[in-house]
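Engineer: A single structure is presented below for examination.
The values are calculated or read from the model by the stated rules, or taken from the named source; none is laboratory data. Fair warning: this is a prediction, and the values are worked out from it, not measured in the lab. Remember, those area values only see protein heavy atoms, side chains included, never the ligands or the DNA or RNA. Shrake-Rupley method; radii C 1.70, N 1.55, O 1.52, S 1.80 Å.
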Amino acid sequence: MLSFSGIAELYSAVLVAFLERMPLQPSSDATLLIHTARLELEPILPVHATEMFPVLNDPALHTFTGGSPPATVEQLAQRYTKLASRRSPDGSELWYNWLMRDQTQRVAIGYMQSTVTSTHAYIAWVVGTAWQGQKFAAEAAQAVVTWLEAQGVSEIRACVNPRHASSQGVARRAGLLRTNQLNDGEEVWVRKP
């Protein structure tokens, strides 16, 4: 029978072996900055909660994604603190979250997310209602897909509400193709190089 320390050592060895298979490793803020023609994507930090709160405090944003707006700036800052670790609590996923900033107006307009596992990455996007319809999400998604592929991620997925035509367009512009798979009622879109 293994002792507690033996179990801990075994778990640690398994986790290290798993992480070595991950296409990405946690990166510094500087290596995570992504620029597009109109956007700057910067790693989300707790300090961003103040400027993101008014963008996300809109029930219309949750029509297709579910959930509700953050209750307070402090609650959002706590969430961003968790996300800033860039790793799931069990270490099996890497979390990359970017604040989307309009380079012209220098304002936060939304965010991009990527959850990376040893076999693939999921991406997701949210753009505040005031900036929707200007293809900011597609521009950001294309940039994140390019960044992920440059880091060695070989398969990129997105889960899209089947009634959300705009998000379907974002996935399509990012080079993802609709599959017949569903994940919690959402269509799974996939890009493989």
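Engineer: If you roll a 1.4 angstrom probe over the protein chains with everything in place, what fraction of the accessible area of region 121-167 belongs to carbon and sulfur, to the nearest %? Intermediate results must be reported in sequence, preceding the final value.
Structural biologist: Working: 950 of 1960 Å².
Whole-percent figure for carbon plus sulfur exposure: 48.
Engineer: Going by Cα centres, region 159-193 and region 89-156 are how many Å apart?
Structural biologist: After rounding, the separation between the Cα centres reads 15 Å.
Engineer: Provide Rg and Dmax in Å for region 99-193, with only Cα atoms included in the calculation.
Structural biologist: Over region 99-193's Cα set, Rg and Dmax evaluate to 13.1, 40 Å.
Engineer: Something else now. How much length is gained if the chain between Leu33 and Gln132 is pulled fully straight, taking 0.36 nm per residue apart and subtracting their Cα-Cα distance, in nm to one decimal?
Structural biologist: Working: separation 99, 0.36 × 99 = 35.64 nm, distance 2.24 nm.
Net length gain for the segment: 33.4 nm.
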